[in-house]
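The values are calculated or read from the model by the stated rules, or taken from the named source; none is laboratory data. What you see is a predicted model; the values in this text were computed from it and never measured. All Cβ positions, glycine included, derive from the backbone under ideal geometry; neighbour counts span all protein chains shown.
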Amino acid sequence: MTEFVLEKKSGWEYYHLPELTAAGIIHGFFTRRSPSSVFDKEEGRAFLDAFSLEDAIALQQEHGQEIHVADNGDRPGRGDGILLARRGIAGVIKTADCLCVVLADPAFPMAVIVHAGWRGTLKKITTKALNMMVERGAARQRMIALFGPSIRGCCYEVGPEVCDAFMHEGFPEDVFSRRNDRLFLDLAKANGELLKDEGIRAVHDVGICTYCSGGVFASYRRGARNERQVNFVAIKDR
Ligand SMILES: [Zn+2]
């Protein structure tokens, strides 16, 4: 299920779900044709202006499961998720193969953005994000999940120890595929499994593999070492 569109806005190019944007949750999965930093002085200003934002928050990501609640104006340090209840503040996650997951309840409104590589997925950061939203008053039946571009089952070869760890955590075997004695992990499928029985309204997957994207997205496994793409979500200012 994808109804994402590729949009261009003052030099920024990104995928978004128009239905969710119209409902007041602004978000984007930027391509490499966009500036890669939203914290650089010039680009940062341009980013905030383009999306009518007051501020943007990013973390020192560390493949963990720490999710910060951005509600009192403090600047979180390390972590892999940002929960937003205040308007006009963007939570930013940078990726280059890992999956960015956004969850939003547009009517409440509340949103969360997480960084889910294999380690974060194994630690079920997406489940944690959902539970944090529900604890704070968001409703499962209104909740929409978005999966951004990431390395996919076509290209994400992993070792048997990764598969063993996932089996140990109760993931179904079909989040992996086997081809010519090689093992591939599908991060989107694994995170889909985490959300499957949670009673949320919809999961929308942009369905793009960063490794196969022909350079439209940065891929760590394709050689991007310092380059990351920006993913963000924010509750629109009234
Ligand atoms: Zn691929």
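Criterion first (modelled with pLDDT under 95, crowded, with 17+ Cβ neighbours inside 10 Å, small (G, A, S) and on the phi < 0 side of the Ramachandran plot) does A104 satisfy it? For A104, the condition - modelled with pLDDT under 95, crowded, with 17+ Cβ neighbours inside 10 Å, small (G, A, S) and on the phi < 0 side of the Ramachandran plot - is not met. Between a residue in the range 145-171 that is more than 16 Å from the ligand (Cβ to nearest atom) and any residue that is of a type in the set (G, A, S) and not in a loop (DSSP other than H, G, I, E, B), which pairs come within a Cβ distance under 6 Å, given they are 6 or more apart or on different chains? Partner pairs satisfying both residue conditions: F171/A190.
Considering the range 127-238, the qualifying strands (runs of 3 or more DSSP E), each wholly inside and each with 2 or more residues that are of a type outside the set (S, T, N, Q) and more than 22 Å from Q61 (Cα to Cα), run over 176-179, 182-185, 202-205. For the range 182-224, the tally of residues that are more than 15 Å from the chain's Cα centre (by Cα), modelled with pLDDT under 95 and within 20 Å of H16 (Cβ to Cβ) stands at 2. When A202, A218, A190 are checked against the criterion of being away from the ligand (no atom under 13 Å from the Cβ) and farther than 30 Å from Q141 by Cβ, A218 stands alone in meeting it. Only one of the numbered conditions (1) part of a loop (DSSP other than H, G, I, E, B); (2) over 17 Å from the mean Cα position of the chain (by Cα) is not met by G44, and that is (1). Here is a check on your reading of the model: is G137 more than 16 Å from the ligand (Cβ to nearest atom), touching a residue at least 12 places away in the same chain (Cβ under 8 Å) and of a type in the set (G, A, S)? Yes; evaluated as a whole, the condition is true for this residue.
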